[in-house]
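Please treat every number below as a calculation from the coordinates, not as lab data. Since the structure is predicted, the reported quantities are computational estimates derived from the model, not experimental observations. In this analysis, Cβ positions are derived from the backbone assuming ideal geometry, glycine residues included, and neighbour counts consider all displayed protein chains.
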Amino acid sequence: MFSLGPLKIPNERESPKAARDHQAGSDGQGREGRPQAKPRRRRRTLQTLTLAPRLRRAMAMDAERRQAELIGQFSAQAAAVSSAPQLAALVLEATSHPALFAFSELLTLPALSKLAGTQYASSLDVLRLFAYGTLKDYKSNSGSLPALLPDQVRKLKQLSVLTLAESTKILPYDQLMQELDVSNVRELEDFLINECMYSGIVRGKLDQLRRCFEVQFAAGRDLTPDQLNNMIDTLSDWLGTSDSLLHQIQEKIKWADTMSEVNKKHQKEFEDRVEEAKKSIKKLNNLSRQTSTYGGMTTFSLNLEE
């Protein structure tokens, strides 16, 4: 298992002997010639690997910012366009753009409703497919949808990976190859590295031994109306549970305050009783001393009379 960042991945299929021969022969010396020292290049490589996580985070932030800008640009263009052919061309451009992965906002634009009932109405279906669907959905409905351009197919494959990453973080190679219509592992890994991880929409590890892709991060896709309603219901249930817990906590606080006052009252009563007991004991001690002294004087007086 190995982590991948925005770096050029070396060819791991090259044998160690071939790698050594390549390094030894790079200056024309061969194996018997002067050995080349490589510590400086190695240090640069390690430094680049250390900076890779920072570069990935910066790339992800730039991708999100760029995507928001693109949505604004396409929305402005749609508002300025009036004819159906121009709107259809705009949909084609948006679904082919390499940095745009959210399309539900474009679906809600009033200008695109002009495509309904025209010969370009299928463009709305394509836009809806890119907002919520996958490559498998396109194949199932290819008869009612126009043919996709290569850029659109690549985009739909990227979106399919995001959809799969929503349900599980361990994606088997066999499942990915079937969903993405990929014929071999090398092609699949190249696609995951070059088209998914380098673009910043996913981060993860390729496990060649277990033949799976371990997802560490995946950008979210547009929510369907049903998913949005389910999310609203879930948040409403959570809010109700939170209100109930808050009420219980407040009741516990009131009970604790009441018990605190009761304990303070009992403590005060106990202290008062202790003080009264101390005073009573002190009085008894004083009375006992006085009685003892008086008895001694009486006895002494009686002895004198005798």
Given 0.36 nm per residue, what is the gain on full extension from ASP272 to SER140 after removing their alpha carbon distance, in nm?
38.8 nm
Taking θ = phi - 60°, what integer Hz values does the Karplus form 6.51 cos²θ - 1.76 cosθ + 1.60 yield along region 243-251, in sequence order, with x for Gly and Pro?
4, 5, 5, 5, 4, 5, 5, 5, 5
Karplus ³J(HN,Hα) for region 85-100 (6.51 cos²θ - 1.76 cosθ + 1.60, θ = phi - 60°; Hz, whole; x = Gly/Pro) runs x, 5, 5, 5, 5, 5, 5, 4, 5, 5, 6, 9, 5, x, 10, 9
Pseudo-spin-label distance ASN229 to SER260, built 7 Å along Cα→Cβ, given in nm, is 4.8
Sequence gap of 8 or more, or different chains, plus Cα separation below 29 Å: how many lysine pairs satisfy both in region 223-292?
18
How about LYS205: which lysines have a C-alpha closer than 23 Å to its C-alpha, ignoring those fewer than 8 places off in the same chain?
LYS8, LYS155, LYS157, LYS169
